[in-house]
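S.K.: I have a structure here, written as structure tokens, and I will follow up with some questions on it.
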Amino acid sequence: MKRSHQLATRLEAGAEALRIYALTLSESEWQLEIPHDGRTVGVVIHHVASMYPLELQLAGMLAAGRAIEGVTWTEVHALNASHAMQHAGVDVATALEALKANSQAAAAAVRVLADDQLDRAAPVSLNSDAPLTCQFFVEDHALRHSYHHLASIRTVVEAARADARHAA
């Protein structure tokens, strides 16, 4: 199987795992705040969905051999905070629809990448201008993103469920 197809399949699997877990959540669990993050579970799921287009736009720059310049973690945090405020009341259907559509579009964009595009490296400002390959960027951002947030969501939800069992 072509490398880009393998990456796309793993990206889709992460988004699907997040979607399936989200379907198990109660309304109160959807509203749980994630410690050390400040966003609710629902907002974080919508955040994952909303970041796919930007993550693939940046990966496309690397695929073309262009550096990612001027993108800083300060800007990323500001973008995340703005998103959280704008989508504070996001409902399950909206978030999961966005997750499905945007992850499918991201996977389609990854699938068309040729091996030489995946292998191209250029400086990435988010990573101290280290010359990173397009494949690494896809794996570290679009692919990993759903798995990363699913882990933190599971932690907070499972703790809340354990607390509820003990209180009962």
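The values are calculated or read from the model by the stated rules, or taken from the named source; none is laboratory data. Predicted model, so just to flag it, every value in this text is computed and none were measured. Virtual Cβ from ideal backbone geometry, glycine too; neighbours counted across all protein chains shown.
S.K.: Quick one: R120 ticks every box in (1) over 30 Å from H36 (Cβ atoms); (2) of a type in the set (D, E, K, R); (3) surrounded by fewer than 19 Cβ atoms within 10 Å (Cβ to Cβ) except a single one, so which number is it?
M.R.: Only one criterion in (1) over 30 Å from H36 (Cβ atoms); (2) of a type in the set (D, E, K, R); (3) surrounded by fewer than 19 Cβ atoms within 10 Å (Cβ to Cβ) is unmet by R120, namely (3).
S.K.: Restrict the check to the stretch 132-149 and report whether at least one residue is surrounded by fewer than 21 Cβ atoms within 10 Å (Cβ to Cβ), at negative phi, among the small types (G, A, S) and modelled with pLDDT of 95 or more.
M.R.: no
S.K.: Among the residues that make up the stretch 107-124, is at least one of them without any contact (Cβ under 8 Å) to a residue 40 or more places away in the chain, touching a strand residue (DSSP E or B) at 6+ places or on another chain (Cβ under 7 Å) and within 16 Å of G60 (Cα to Cα)?
M.R.: If we filter the stretch 107-124 for residues that are without any contact (Cβ under 8 Å) to a residue 40 or more places away in the chain, which is where we start, we get 116, 119.
Subset that is touching a strand residue (DSSP E or B) at 6+ places or on another chain (Cβ under 7 Å): 119.
Next, only the ones that are within 16 Å of G60 (Cα to Cα) stay: 119.
Yes, because at least one residue in the stretch 107-124 is without any contact (Cβ under 8 Å) to a residue 40 or more places away in the chain, touching a strand residue (DSSP E or B) at 6+ places or on another chain (Cβ under 7 Å) and within 16 Å of G60 (Cα to Cα).
S.K.: Here is a further query. Since T24 meets every condition but one in (1) touching an Asp or Glu at 6+ places or on another chain (Cβ under 8 Å); (2) exposed (fewer than 14 other Cβ atoms within 10 Å of the Cβ); (3) not aromatic (F, W, Y), which condition does it not meet?
M.R.: Answer for T24: the failing condition is (1).
S.K.: Let me ask something else about it. Are any of the residues in the stretch 84-96 surrounded by fewer than 15 Cβ atoms within 10 Å (Cβ to Cβ), under 27 Å from L7 (Cβ atoms) and hydrophobic (A, V, I, L, M, F, W, C)?
M.R.: No, the stretch 84-96 contains no residue that is surrounded by fewer than 15 Cβ atoms within 10 Å (Cβ to Cβ), under 27 Å from L7 (Cβ atoms) and hydrophobic (A, V, I, L, M, F, W, C).
S.K.: State which residue pairs qualify: first residue under 15 Å from I45 (Cα atoms) and inside the stretch 71-86, second residue aliphatic (A, V, I, L, M) in any location, beta carbons under 8 Å apart, and separation of 6 or more residues or different chains.
M.R.: H83/V43; A84/V43
S.K.: Just checking: which of the helices (runs of 4 or more DSSP H) contained wholly in the stretch 1-91 hold 1 or more residues that are basic (K, R)?
M.R.: Working: elements: 3-22, 27-30, 41-63, 73-86.
Output list reads 3-22.
S.K.: Take the residues in the stretch 127-168 that are outside any helix (DSSP H, G or I) and farther than 19 Å from S4 by Cα; name whichever of them is farthest from the chain's Cα centre (by Cα). Quick ask: steps written out before the conclusion?
M.R.: Narrowing the stretch 127-168 to residues outside any helix (DSSP H, G or I): 128-133, 168.
Narrowing further to those that are farther than 19 Å from S4 by Cα: 128-131, 168.
On the way: S128: 21, D129: 22, A130: 21, P131: 22, A168: 35 Å.
Filtering the stretch 127-168 for residues that are outside any helix (DSSP H, G or I) and farther than 19 Å from S4 by Cα, the one farthest from the chain's Cα centre (by Cα) comes out as A168.
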